[in-house]
Amino acid sequence: MNRTQPINAQAVLLTLLTVVLWAGTPVAIRYATELLQPMAVSGLRFLLATIFMFGWATVHRTSLRLSPTHWKLPIMGGVLLFFQIGTFTAGVHLSNASHGSIFINTFIFWIVAIEHYLTRAHRITPLRSLGLILAALGVTLVLFPESTPKSDLLEQASLEGDLLLLLSALILAVKLTYTKNVVQNIHPDSFVFWHAVAGTTLMLNWAFWIEGFQPVILLQINDSQTQNALWALAYQGFAVAGLCFAIQARLLKKHAASSIAVFSFATPLFGILFAVLFRGDPLSPWLFTAGIAVAVGILLVNLPNASEQPKN
């Protein structure tokens, strides 16, 4: 059994910080993929995250050494990272930032299923079932035609992109559950650092050999498009893949995955807001309604059950 502690005020504030920072990720990806291929963006993002985590561990005086028996744990985490971030970045590139914010947060449904059927740490109740249905209906709403004419949209979504985002959400749920178990045996900082090293290696190899990534393009910073892409990469690498992953891993060491994931109900709302403000995504009635439905559904799924309350 994993050791868990109740969520306290500090954990709430830290989790909300990650929620807001993560909400800006789809927007940052759209800026970055205007200049670079999706896997190149992912690889550079986690290269920066690796640098951040090395500095983070140095400041906190955390040893990054792993015993021979533990090396396979971050390597497996890196493989999951490669597929999860790769499908997410490609999905946002093919879809848009608003859809990315909504679809990626369906990972909580998979978390609930895993913790109900596999770990049995969080049981599904009728109220949670209602939440799942409501949130699922909310997700389908984003597939409805927008009120804005397609010719007026700056970034149109696609079925291929949305399906990739849903796949990424599934992999994310598996990765979070995996991380929750791994950080019980090795320090969270060590896991985040080495799994980022493994994932970055896979991503950059894909970028160089499959996408034909040319790093020299990063040196051409004399236009606004390149500058926006570089700032977007820095945001994804240091603020999200670095800081957010470090905070999340430490929180997962102490608290249940579902307790942390419940706060993600706010991410689609922040994400849609950022997409409208920075990318010009349409704020149609369907899109707003979908965000609300997903948020309420996830909240219902994670309401505490009386039988799960700690007994004195």
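The values are calculated or read from the model by the stated rules, or taken from the named source; none is laboratory data. All of these numbers come straight from a predicted model, not from anything done at the bench. Cβ placement follows ideal geometry from the backbone for every residue including glycine, while neighbour counts extend to all protein chains displayed.
Would you say LEU243 is in a helix (DSSP H, G or I) and without any contact (Cβ under 8 Å) to a residue 40 or more places away in the chain?
Answer is no for this residue.
Taking the criterion of being modelled with pLDDT of 90 or more, crowded, with 24+ Cβ neighbours inside 10 Å, of a type in the set (Val, Ile, Thr) and in a helix (DSSP H, G or I), would at least one residue in the stretch 70-85 satisfy it?
yes
HIS122 fails exactly one of the following numbered conditions: (1) within 19 Å of LYS253 (Cα to Cα); (2) modelled with pLDDT of 90 or more; (3) in contact with a Lys or Arg (Cβ under 9 Å, 6 or more places away or on another chain). What is the number of that condition?
Of (1) within 19 Å of LYS253 (Cα to Cα); (2) modelled with pLDDT of 90 or more; (3) in contact with a Lys or Arg (Cβ under 9 Å, 6 or more places away or on another chain), only one is false for HIS122: (2).
I'm checking my understanding of the structure. Among residues of the stretch 270-312 that are part of a loop (DSSP other than H, G, I, E, B) and under 30 Å from ASN228 (Cβ atoms), which one is modelled with the lowest pLDDT?
For the stretch 270-312, the residue satisfying everything is SER284.
Can you tell me which residue among ASN222, ASN228 is surrounded by fewer than 22 Cβ atoms within 10 Å (Cβ to Cβ) and touching a residue at least 12 places away in the same chain (Cβ under 8 Å)?
Unique residue meeting the criteria: ASN228.
Being surrounded by fewer than 16 Cβ atoms within 10 Å (Cβ to Cβ) and either among the acidic types (Asp, Glu) or in a helix (DSSP H, G or I) (or both) narrows it down to one of PHE193, PHE208, so name that one.
Testing whether each residue is surrounded by fewer than 16 Cβ atoms within 10 Å (Cβ to Cβ) and either among the acidic types (Asp, Glu) or in a helix (DSSP H, G or I) (or both) leaves just PHE208.
With the requirement that a residue be surrounded by 10 or more Cβ atoms within 10 Å (Cβ to Cβ) and not hydroxyl-bearing (Ser, Thr, Tyr), what does the stretch 48-64 give you?
LEU48, ALA49, ILE51, PHE52, MET53, PHE54, GLY55, TRP56, ALA57, HIS60, LEU64
Looking only at the stretch 180-189, decide whether some residue is closer than 26 Å to THR58 by Cβ, in a helix (DSSP H, G or I), at pLDDT 90 or above and hydrophobic (A, V, I, L, M, F, W, C).
yes
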